[in-house]
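Student: Can you keep this structure in mind? I'll have questions shortly.
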Amino acid sequence: MGNHHDLTRLIHLDPEALKCPYPFFEQLRTDSPVTFVPEIESFVVSRYDDIAHISRHPEIFSSIMPTGPVLARQMMETLMTLASEDPEFGAQMMNQRGGQVRVLLGADPPDHGRQRKLVNRAFTPPKVKALEPRIREVANNLVDAFIDRGSAELVHEYGVLLPLTIIAESLGVADDELPKFKDWSDDFVAAIGNHNMSKEQLKSLVLSQGEFFEYFARKIEERRANRRDDLISDVVHAELDGQPLSVNEMLGMFNQFLVAGNETTTKLIASSVRILMERPELMERLRNDPSLIAGYVEEALRLEAPVQGLFRTAVEDTEISGVKIPAGSHLMVVYASGNYDESQFPDPEAADPCRSNAMKHLAFGHGEHYCLGAALARAEGRIAIETLLERLDNLALAPTANLEYEPSYVLHGLKELPVTFTPRVRASV
């Protein structure tokens, strides 16, 4: 079967496959919608309906290893080797807090529901609505910093800093150094969907986690003593049936908020700008009618899902589309493939801001684990695009640009996006 070979290119991080994996997924949906791929020791599930089914049944399909069995084992083996070579590092690793608990993304019912109830309030649409003026202000400040140059690198000068600033402010740690959060965040995601991690990278990841947990453990103590109006305080003081979260649960959550609250939205912002630059007529249409931007953001999420897929583990014998899945098997549900499934999205390659079911895409997952921060990501994506279109004309890819994607078959994001533009003359207010 040719499809394994193509998928293997993606798993081995072939740059062309990373840039555009969608033809491989299409072949899978057609030829073998549920197929075992030895390289990732998992069944790959590529059709929309099957992905939705798995997502709706967390009691059968556990989230215990969301980034897959191969990564989990490789990390374990490499860390053991590192610990034996460097006992001091080993001791540091063993004493780390926060890493042992299953939280949100990696939690199953009933823990998942309990944790989620406690933090849901922070990300409700009214809360996000209240943040919008601040998101807009941050976006404009970032554009101010590069507008006079007529060029920018939109990943690091815009896509990273917008969501990172907002999540740091929401957590209540914005007065500290953003670069440190970004470094931590980069280290945390470096391993996801990448089987070629060096020992150095893994060591860096563990040390970053240690720093991260120490830093946030101190914040938890501070907020216990003095409550403030921020997400850390909300989590520290939240109780469900009289039970607060454990410190390890809190640390795991902050870890996910930091990473999920910036990495994925960065990828969304860069992709949505890239797609527009390839479709100048669509860019003009959005500029003339900004009410279409929200619908466009859904299409950008569908076309370039920042999280291409996650893993589930079958806890009992089951079957999907006639394929037997033995208990203990791992499955990779490929959201990015479901997003191109023609049975759901006719003309899947088109970016249609008026697509009637645009919000049914799987970029935020589906079912019980539907992304907690979806409303925030949508607002950030929409405001990011609105601000660029309001302020920049002739937005185009820089002539020297060479678009490369990060080395991961799970996460999908541009390394950088160099652009040129002319400042737009704004009507004086």
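The values are calculated or read from the model by the stated rules, or taken from the named source; none is laboratory data. Source: prediction; values computed, not measured. So basically every Cβ, Gly included, is an ideal-geometry build from the backbone, and we count neighbours across all protein chains shown.
Student: Out of PHE345, PHE311, which single residue is part of a loop (DSSP other than H, G, I, E, B) and either surrounded by 18 or more Cβ atoms within 10 Å (Cβ to Cβ) or not aliphatic (A, V, I, L, M) (or both)?
Tutor: So the residue among PHE345, PHE311 that is part of a loop (DSSP other than H, G, I, E, B) and either surrounded by 18 or more Cβ atoms within 10 Å (Cβ to Cβ) or not aliphatic (A, V, I, L, M) (or both) is PHE345.
Student: In the stretch 348-373, what residues are in a loop (DSSP other than H, G, I, E, B), within 17 Å of the chain's Cα centre (by Cα) and either of a type outside the set (A, V, I, L, M) or at pLDDT 95 or above (or both)?
Tutor: HIS361, LEU362, ALA363, PHE364, GLY365, HIS366, TYR370, CYS371, GLY373
Student: Going residue by residue through the stretch 202-212, is there one that turns out to be of a type outside the set (S, T, N, Q) and within 27 Å of LEU403 (Cα to Cα)?
Tutor: Of all residues in the stretch 202-212, those of a type outside the set (S, T, N, Q) come to 202-203, 205-207, 210-212.
Restricting the remaining residues to those that are within 27 Å of LEU403 (Cα to Cα) gives 202, 205.
The answer is yes; a qualifying residue exists.
Student: Counting only residues that are part of a loop (DSSP other than H, G, I, E, B) and surrounded by fewer than 20 Cβ atoms within 10 Å (Cβ to Cβ), which one in the stretch 156-191 is modelled with the highest pLDDT? Spell out how you get there, then give the answer.
Tutor: Step one: filter the stretch 156-191 for residues part of a loop (DSSP other than H, G, I, E, B), giving 160, 172-177, 191.
If we keep only those that are surrounded by fewer than 20 Cβ atoms within 10 Å (Cβ to Cβ) too, we end up with 172, 174-177.
On the way: GLY172: 94, ALA174: 88, ASP175: 80, ASP176: 79, GLU177: 82.
Only one residue tops the list, namely GLY172.
Student: Listed residues PHE36, PHE89, PHE24, PHE61; which is of a type in the set (Phe, Trp, Tyr), more than 29 Å from ALA327 (Cβ to Cβ) and either in contact with a strand residue (DSSP E or B) (Cβ under 7 Å, 6 or more places away or on another chain) or in contact (Cβ under 8 Å) with a residue 12 or more places away in the chain (or both)?
Tutor: PHE89
Student: So PHE89 fits all but one of (1) surrounded by 14 or more Cβ atoms within 10 Å (Cβ to Cβ); (2) closer than 20 Å to GLN256 by Cα; (3) more than 22 Å from the chain's Cα centre (by Cα); (4) not small (Gly, Ala, Ser); what number is the exception?
Tutor: If we test PHE89 against (1) surrounded by 14 or more Cβ atoms within 10 Å (Cβ to Cβ); (2) closer than 20 Å to GLN256 by Cα; (3) more than 22 Å from the chain's Cα centre (by Cα); (4) not small (Gly, Ala, Ser), just (2) comes out false.
Student: Another one. Here's a check for you: in the stretch 278-308, which residue that is touching a helix residue (DSSP H, G or I) at 6+ places or on another chain (Cβ under 8 Å) and basic (Lys, Arg) is surrounded by the most Cβ atoms within 10 Å (Cβ to Cβ)?
Tutor: ARG302
Student: Filter the stretch 344-392 down to the residues that are of a type in the set (Asp, Glu) and touching a helix residue (DSSP H, G or I) at 6+ places or on another chain (Cβ under 9 Å) and list them by number.
Tutor: Scanning the stretch 344-392 gives GLU349, ASP352, GLU368, GLU380, GLU386, GLU390.
Student: Need at least 3 residues that are at pLDDT 95 or above per element, so show me which helices (runs of 4 or more DSSP H) inside the stretch 234-294 make the cut, counting only ones lying wholly within it.
Tutor: Ranges flagged: 263-278, 280-288.
Student: Could you please tell me which pairs satisfy a Cβ distance under 6 Å, a separation of 6+ or placement on different chains, a first residue in the stretch 283-307 that is under 14 Å from LEU362 (Cβ atoms), and a second residue that is of a type in the set (D, E, K, R)?
Tutor: PRO306/LYS267
Student: Here's a follow-up. Within the stretch 314-333, which residues are part of a strand (DSSP E or B) and without any contact (Cβ under 8 Å) to a residue 12 or more places away in the chain? Steps first, please.
Tutor: Of the stretch 314-333, the ones part of a strand (DSSP E or B) are 314, 318-320, 323-325, 330-333.
If the condition is that a residue be part of a strand (DSSP E or B) and without any contact (Cβ under 8 Å) to a residue 12 or more places away in the chain, then GLU319, LYS324 are the ones that fit.
Student: When you look at ILE275, is it within 28 Å of SER356 (Cα to Cα) and surrounded by fewer than 19 Cβ atoms within 10 Å (Cβ to Cβ), yes or no?
Tutor: yes
Student: If I filter the stretch 144-155 for residues that are of a type in the set (Asp, Glu), surrounded by 13 or more Cβ atoms within 10 Å (Cβ to Cβ) and assigned to a helix (DSSP H, G or I), do I get at least one hit?
Tutor: no
Student: Any idea which residue in the stretch 375-400 is farthest from ALA152 (Cα to Cα), counting only those that are within 24 Å of the chain's Cα centre (by Cα) and small (Gly, Ala, Ser)?
Tutor: ALA375
Student: Mind listing just one residue for me: the one in the stretch 192-216 that is surrounded by 17 or more Cβ atoms within 10 Å (Cβ to Cβ) and among the hydrophobic types (A, V, I, L, M, F, W, C) and, of those, nearest to the chain's Cα centre (by Cα)?
Tutor: ILE192
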